[in-house]
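Encoded as structure tokens, the structure appears first; notes follow it.
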Amino acid sequence: MVEGSYLIQSDCLEYLKTLEDDSVDLVLTDPPYFIGFDGGKGWDSQWKTEEEYLAWCADWTLECIRVLKPNRMLVVWGTLKTETFIKYKLQTSADARLTPQNEIIWSYNWGGRSQDNFVRKHEYAWCWSKGKKFLFNDAEIRIERKVKKNMNLEKKLLKEFKDNNPNATKKEIAKHKEEHIDPKTLFAQGTIPTCIWEKNNHTTSKDFCGWHPTTKNLDVLERLIRGYTNPGDTVLDIFMGSGSTAIAAERCGRNYIGCERDGEYYTKSLERIRDQNPLFQAMEPTHMELETFMQLM
Ligand SMILES: C[S@@+](CC[C@H](N)C(=O)[O-])C[C@H]1O[C@@H](n2cnc3c(N)ncnc32)[C@H](O)[C@@H]1O
């Protein structure tokens, strides 16, 4: 069982080793895509070949499955800019413990654009459940319906009344409709959104983090977290980057744990998270990190 919220500076595989089996309620993570886009830091081009990259992905994915509770969701961000993620999807779905459940498309319309083709402005959040069933907290993610009046239902209820009361007058039918049929109320809970979500990372917004090249949108993360967890649950992100998953989890009243290897991102993300929650604590360095530190002294 994981308690509280933590962020640690660590390699993800080292960090995952410290977590118990079946201990987190949602894995929501955004790995390097291996497309060379990392603001010049090099973390997105650490592998010589696609095979090497996919083997590394298999390592952390297996660990994420191990630490995820049964009937909960593994959500991994990716792109089809290259076809590497088709291979990642196939290798991940081959794990008998997982069931592919959804493909959320985050679309946006900002940033640079090519002049010689339609502009690619979307990324995917692929969702697998551990087991066949999974928690879906629809009450927290429903949105207002565009069409509020359920015409089909109104017709059906009127027909039922007329069938049961064949001699009813027009006045009686109108009275029954007014007093007993209010199809709008049946839509009061709103509707479940589709899997295509358009949200921009507005550069003027307080939520936008200008110092990490691949910051995810907080509203999108919040919706994923609300939909796939209950309040008080724990969300794991092993590639925290600028801390977006942590901030989104905090806003949803969920705990979060995660790691980021890069020292600069780690320090800045702690500041970003503390802006959200001044009481947030960073985790003590792991034993292994202390050892490395001592060797460097
Ligand atoms: C795609 S970014 C995540 C961005 C994040 N979703 C956000 O909104 O800011 C991937 C992050 O993984 C980190 N990273 C790369 N290799 C890692 C490793 N082996 N262990 C931990 N973090 C790693 C990179 O430094 C980078 O910040």
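We did not get these values from a lab; they are worked out from the coordinates using the rules stated. Remember, predicted model here, so these are calculated numbers, not experimental data. Here Cβ is always computed from backbone atoms with ideal geometry, including for glycine, and neighbour counts include all displayed protein chains.
Principal-axis analysis of the Cα atoms of the chain puts helix 151-164 at an angle of about 40° to the longest axis. Starting from 0.36 nm per residue, how many nanometres of slack lie between Asn167 and His180 once their C-alpha separation is accounted for? Fully extending the segment from Asn167 to His180 adds 2.9 nm. Taking Lys and Arg as +1 and Asp and Glu as -1, the other residues whose beta-carbon sits under 11 Å from that of Lys170 total +3.
Over the residues of the chain, the helix contribution to mean residue ellipticity at 222 nm works out to -10500 deg cm²/dmol, using -39500 (n - 2.57) for each DSSP H run of at least 4. Charge dipole of the chain (Cα centre as origin; +1 on each Lys and Arg Cβ, -1 on each Asp and Glu Cβ, all else neutral): 2060 debye, rounded to the nearest 20.
Which shape class, rounded, prolate or oblate, goes with region 1-158 when its Cα gyration tensor gives a ≥ b ≥ c as root eigenvalues, a/c under 1.5 marks rounded, and past that a/b bigger than b/c marks prolate? Cα axes put region 1-158 in the oblate bin.
Within straight-line reach of Lys132, meaning a Cα separation under 29 Å, sit the following lysines at least 8 residues removed in sequence or on another chain: Lys17, Lys69, Lys87, Lys89, Lys216.
I need Thr267, Thr214 ordered by Cβ neighbour count within 10 Å, fewest first. Please report the intermediate quantities before stating the final value.
Working: Thr267 13, Thr214 18.
With the fewest neighbours first, Thr267, Thr214 line up as Thr267, Thr214.
Placing a label point 7 Å from the Cα of Glu144 along the Cα-to-Cβ direction, the residues of region 203-224 with a backbone N closer than 20 Å are 219-220, 223. Farthest towards the positive end of the charge dipole of region 1-159, among the residues Thr18, Leu98, Trp60, is the Cα of Leu98, using unit charges on the Cβ of Lys, Arg, Asp and Glu.
I'd like to compare 82-88, 115-121: which one has the highest average count of other Cβ atoms within 10 Å, and what's the full order after that? Numbers along the way, then the final one.
Values: 82-88: 15.9, 115-121: 8.6.
Ranked from most to least packed, the peptides come out as 82-88, 115-121.
With respect to the chain, whose longest principal axis is taken over its alpha-carbon atoms, helix 218-228 is tilted by about 70°. Compared with the dominant Cα axis of the chain, that is its longest principal axis, helix 170-180 is turned about 30°. Here the spin labels are modelled as points 7 Å beyond Cα on the Cα-Cβ line, and at Ser114 and Glu264 they lie 2.9 nm apart.
The GNM of the chain, with springs linking C-alpha atoms under 10 angstrom apart, assigns the highest mean-square fluctuation among Ser45, Ser205, Ser23 to Ser205.
Between the listed residues Tyr88, Val147, Gly36, the Cα displaced farthest toward the positive end of the dipole of the chain, a dipole computed from Cβ unit charges relative to the Cα centre, is found at Val147.
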